[in-house]
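J.: Got a structure for you, written out below as structure tokens; questions coming shortly.
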Amino acid sequence: MKKFLCLLLCCMMLVPVLASCSKAPEYAEIEGRFRELVEASAEINHILFGTGLATYERVVDPRSSTKLFTDEKTGAQYHYYQIEDSEKGEIIAFRQAYTTKIHEEGTNKYFYYEALDPTYGKILVINSVDTAEDICLQILTAPKEDVEPYYTHSEDGWYGYLLENFSYQKDEYAYVEAENEPRAGAEPYYRNEAKGRYYYLLSDYTEPTYESFYDEDDLSDYDYVRLDEKYRSVEEIKEAAAKVYSAEYLESIYETMFVGTAAADSSVRGQTARYIEYADEDGAISLRKSNTVKPLITETRVYDFSTAKIVRPSNGKYVNITVDSYLPSKPDEILNVRLSMILQDGVWMLDSATY
């Protein structure tokens, strides 16, 4: 009787072991799922280990650093900013400065700015608060004969003459190319004697356009993921990865992929995560990708599924599969790799990297 009880207990203890060691499926039974997962993993590998989601080019709006320049010879003032052109090098964009001033006479209030016109020289463009129309005055330092000035400024000694049917159009930005040496047979548009720079007018230059600009408050180590990318949040990336890889495998890599702490001084402290969600001063949350983490892979491995076979150790819940593969850049270098699949909630999932 004692021997029978001992035998019974041993059999009961073996049941879980035998269950866990259930027979592995035939490769033909899981071939379709294996191929589906490996092919789908290419996208996830690219996001997590490759070049990753596309980001906006890190460009600062050059107009944000616009400065004011006064020409000592003419007294004219210009706004200008610098463009670093990939082909031409340093480009200076400039246009005349229009500084709006206010003039009041009794109950009348006027806004005006000074400008230089190629035909009339120095002019005043005046706008009344009561009317939307501008009037333009030609400014002279001596009065015209037999012509009554529209306005006389006795203190500064100038006379303003009304320009009938004249509308002044503000200049668009013009562009000059900066060079260190003068061009043979070409007169520079402007010469900076102090810096030894020669500026030549570009009549057909088109300023580069950009979809987005960064500013000084943006995180220096993280770039904005493009708004037209397929995935726009950490949660969306995780949902896509969970359709391919097992939960246990993903848990082992999420720490390095998504955990990072953004500090108040526009930096991320602690370990560098591949992706973070960052809230700006207005509370708007955006997905950012590290520009310091280097891609682990640069190519998508190609698999020859006709060579795939299940190898030991494998069972009904976990299988190991060997399969020949190669990189597109080295098609003759065949590498036989070992991939794993696990039965998770009744569905086979990849349990190892495929890159």
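Bear in mind these aren't lab numbers, they're just calculated from the coordinates by the rules spelled out. Quick caveat: nothing in here was measured; it's all calculated off a predicted structure. All Cβ positions, glycine included, derive from the backbone under ideal geometry; neighbour counts span all protein chains shown.
J.: Once the piece of chain linking Asp282 and Lys101 is laid out straight, how much longer is it, given 0.36 nm per residue of separation minus the C-alpha distance between them?
T.: Details: separation 181, 0.36 × 181 = 65.16 nm, distance 3.38 nm.
The Asp282-Lys101 span can extend by a further 61.8 nm.
J.: Aspartates and glutamates within cross-link reach of Lys88: Cα-Cα under 15 Å, excluding same-chain residues under 8 positions apart?
T.: Glu177, Glu179, Glu181, Asp204, Glu207
J.: If I model a spin label at Val59 and Asp304 as a point 7 Å from the Cα along the Cα→Cβ vector, what separation in nanometres do I get?
T.: About 4.6 nm separates the two model spin labels.
J.: Report relative contact order for the chain in percent, whole number only (criteria: Cα-Cα under 8 Å, sequence separation at least 6). Mind showing how you got there, number by number?
T.: Details: 574 pairs, mean separation 59.1, N = 355.
The value is 17 percent.
J.: Using Cα-Cα distances under 8 Å and only pairs 6 or more residues apart, what relative contact order does the stretch 101-162 have, in percent?
T.: On the way: 110 pairs, mean separation 13.5, N = 62.
Worked out over the stretch 101-162, it gives 22 percent.
J.: Which of the aspartates and glutamates could be linked to Lys230 by a straight reach, that is with a Cα gap under 18 Å, when you skip same-chain ones fewer than 8 residues away?
T.: Glu39, Glu43, Glu57, Glu211, Glu239, Glu277
J.: What does the charge dipole of the stretch 101-162 about its Cα centre add up to, to the nearest 20 debye, if the Cβ of each Lys and Arg holds +1 and the Cβ of each Asp and Glu holds -1?
T.: For this selection, approximately 160 debye.
J.: Moving on to the next point. Just to confirm the filter: which GluC sites (Glu not before Pro) across the stretch 164-211 are DSSP coil and have at most 16 other Cβ within 10 angstrom of their Cβ? If you can, show how the numbers build up before the last one.
T.: Numbers: sites: Glu164, Glu172, Glu177, Glu179, Glu193, Glu211; in loops: Glu164, Glu172, Glu193, Glu211.
When the GluC sites (Glu not before Pro) of the stretch 164-211 are filtered for loop state and at most 16 Cβ neighbours within 10 Å, Glu164, Glu172, Glu193, Glu211 remain.
J.: Please report, in debye to the nearest 20, how large the charge dipole of the chain is about its Cα centre when each Lys and Arg carries +1 at its beta carbon and each Asp and Glu carries -1 there.
T.: Numbers: 36 positive and 63 negative charges, 623 e Å.
With Lys and Arg at +1 and Asp and Glu at -1, about 3000 debye.
J.: Sticking with this one: Using DSSP H assignments, which helices in the chain have an axial alpha-carbon span of 27 Å or above and a mean Kyte-Doolittle hydropathy of 1.6 or higher? Please list the in-between numbers first.
T.: On the way: long enough: 2-20 (28 Å, 1.94); 27-48 (30 Å, -0.10).
Both cut-offs are met by 2-20.
J.: Straight-line reach from Lys122: which lysines fall under 17 Å, measuring Cα to Cα and dropping same-chain residues less than 8 apart?
T.: Correct list for Lys122: Lys73, Lys101, Lys144, Lys170.
J.: To continue, here is another question. Could you work out how far apart the two model spin labels at Arg183 and Lys243 are, taking each label as a point 7 Å from the Cα in the direction of the beta carbon, and quote it in nm?
T.: In this crude spin-label approximation the distance works out to 5.6 nm.
J.: Let me ask something else. Answer with one residue from Leu48, Thr70, Tyr168: the one whose Cα lies farthest towards the positive end of the charge dipole of the chain, charges on Cβ with Lys, Arg +1 and Asp, Glu -1.
T.: Value: Leu48.
J.: Further question on the same structure: Apply 1/(1 + (r/R0)^6) to the Cβ-Cβ distance of Thr322 and Val293, taking R0 = 25 Å, and write down the FRET efficiency to the nearest 0.05. Please list the in-between numbers first.
T.: On the way: r = 31 Å, r/R0 = 1.24.
Here the calculated transfer efficiency is 0.20.
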